[in-house]
Amino acid sequence: MVEGINVEVHRDYKYTIDVSKGILDKLERYRNLFFRYEKVVIITDENVAPLYLKKVERQIEKFGCKTQEIIIPPGESSKSLSMAEEIYHHFSEYNLTRSDAVIALGGGVVGDLAGFCASTYLRGVDFIQIPTTLLAQVDSSIGGKVGVNLTKGKNLVGSFYQPKSVIVDPRSLKTLKDRIFNDGMAEVIKYGCIYDKTLFNKLYQSTAEELTKDLENTIATCCSIKKEVIEEDERETGLRKILNFGHTLGHVLETYFNYQKYTHGEAVAIGMYHITVKSEKKGITKYGTSDKIKEILIKNGLPYTMPYLEQEKIEEILFRDKKFSGDKITLVLLKEIGESVLYSMDKNQLVEFII
Ligand code: GLY
């Protein structure tokens, strides 16, 4: 195994998250990994391909491993069953076998879609994550949630399928537009809120320059938190639910506006603030917590105000949430910054909390 954050999801399944500046130019570190495969199929999108695809291919081919590429249009609409079907056709055209591997090179859409195809083709071929957005580096590339959307909702079809390795190059973030970088910052802030007061305070107190300098450590901290959480609860029966802080309302906002108005992180940002205002009023959360969240969101160019929503439409989206188990859903609230608590509630209580 290469050096990095070692994840041990089951006793017999381990992989490494390697957070390292410039790693995309030093893939020889992965010689032993790629050496095992006859070929790899790299799935990426039209934005990422011109930046990193050739560089990655050239290095992997040096290990005697053939490469094939699949380039998809960017954006959430690619995370569909029809795109998955197209990818399966390419896999069979390339004669992908179980001694080959799939690489996801890109953001969350590419990672979730490529992982889903890898998990289902031939009942599972090896899969390697090379996330290139902040959101994918700190969240979606780790923990094995892969899937596609249906018109009725996000990630409704999917599986838990852990990668063989996660290769994170913080330098790839330099090419991101501010809005896409901030999208990932919402998840970084979330980790501080639910699990790590020291991380929250660092984000709260540091200047933008200090944060940029320390980005590699910040990413590694988030990956370590996610590792701890998924090692304890891969299948989201308990602890992993805390990662959904701000996501119940966030999901409503994304769906309500058809994924056009808010990025995932922006929707989660509003969700985290709004739910904390409510829980603070109910005396569950320490007074002043929501104000701190608001300040940190503003500092990171993220929204916090709720737009106008029609109640009937909210309920329709809310009650379809895949996190429902029977008529109960678990909402993640904060006791204070760095400490979260799970609240199981029925639909009426949820509506009262959310709206
Ligand atoms: N993004 C939430 C999770 O991986 O559980």
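Throughout, read-outs are computed from the coordinates displayed, never taken from laboratory work. This structure is a prediction, so every number in the text was calculated from the model and none was measured. Note: ideal-geometry Cβ built from the backbone for every residue, glycine included; neighbour counts use all protein chains shown.
For the reader, a short list of remarks on this structure follows.
- Extension gain, residue 299 back to residue 32 (0.36 nm per residue minus Cα-Cα distance, nm): 91.9 nm
- Listed by chain and number, the lysines whose C-alpha is less than 24 Å from the C-alpha of residue 282, apart from same-chain residues fewer than 8 away, are 190, 197, 241, 292, 294, 323, 328, 335, 347.
- Calculated [222 nm] ellipticity per residue, helices only, for the chain: -12500 deg cm²/dmol; basis is -39500 (n - 2.57) per DSSP H run with n ≥ 4, divided by all residues, nearest 500.
- One chain, two ends: residue 352 and residue 66. Fully extended at 0.36 nm per residue, the span grows by 97.4 nm beyond their Cα-Cα distance.
- In order through segment 275-290: 3J(HN,Hα) via Karplus (6.51 cos²θ - 1.76 cosθ + 1.60), integer Hz, x for Gly, Pro: 5, 6, 4, 5, 5, 5, 4, 7, x, 7, 10, 4, 4, x, 5, 5
- In the chain, the inverse of the mean reciprocal separation of distinct Cα atoms equals 20.7 Å; this is its Kirkwood hydrodynamic radius.
- Along segment 138-144 the Karplus relation, 6.51 cos²θ - 1.76 cosθ + 1.60 evaluated at θ = phi - 60°, assigns HN-Hα couplings of 9, 9, 5, 7, 10, x, x Hz to successive residues, with x for each Gly and Pro.
- For residue 261, a cut-off of 17 angstrom between C-alpha atoms picks up these lysines, skipping any fewer than 8 places away in its own chain: 154, 177, 313.
- A Förster radius of 30 Å combined with the Cβ-Cβ distance from residue 335 to residue 3 puts the calculated FRET efficiency at roughly 0.25.
- Selection from 130, 161, 140, by position along the positive dipole direction of segment 44-169 (Cβ): 161
- Residue among 231, 254, 209 with the largest mean-square fluctuation in a Gaussian network model of the chain, springs linking Cα atoms under 10 Å: 209
- Length available on full extension from residue 58 to residue 282: 0.36 nm per residue minus the Cα-Cα distance, which gives 74.9 nm.
- Size descriptors for segment 86-202 (Cα atoms only): Rg and Dmax, in that order, 15.5, 51 Å.
- Cα centroid of segment 305-350 to Cα centroid of segment 60-137, whole Å: 33 Å
- Working note: Karplus 6.51/-1.76/1.60 with θ = phi - 60° gives segment 108-113 the couplings x, 5, 4, x, 5, 6 Hz, where Gly and Pro are set to x.
- Charge-dipole axis of segment 170-329 as Lys and Arg at +1 and Asp and Glu at -1 on Cβ define it, positive-most pick from 304, 252, 173: 304
- Mean Cβ count within 10 Å, highest first, over the residues of peptides 19-28, 162-171: 162-171, 19-28
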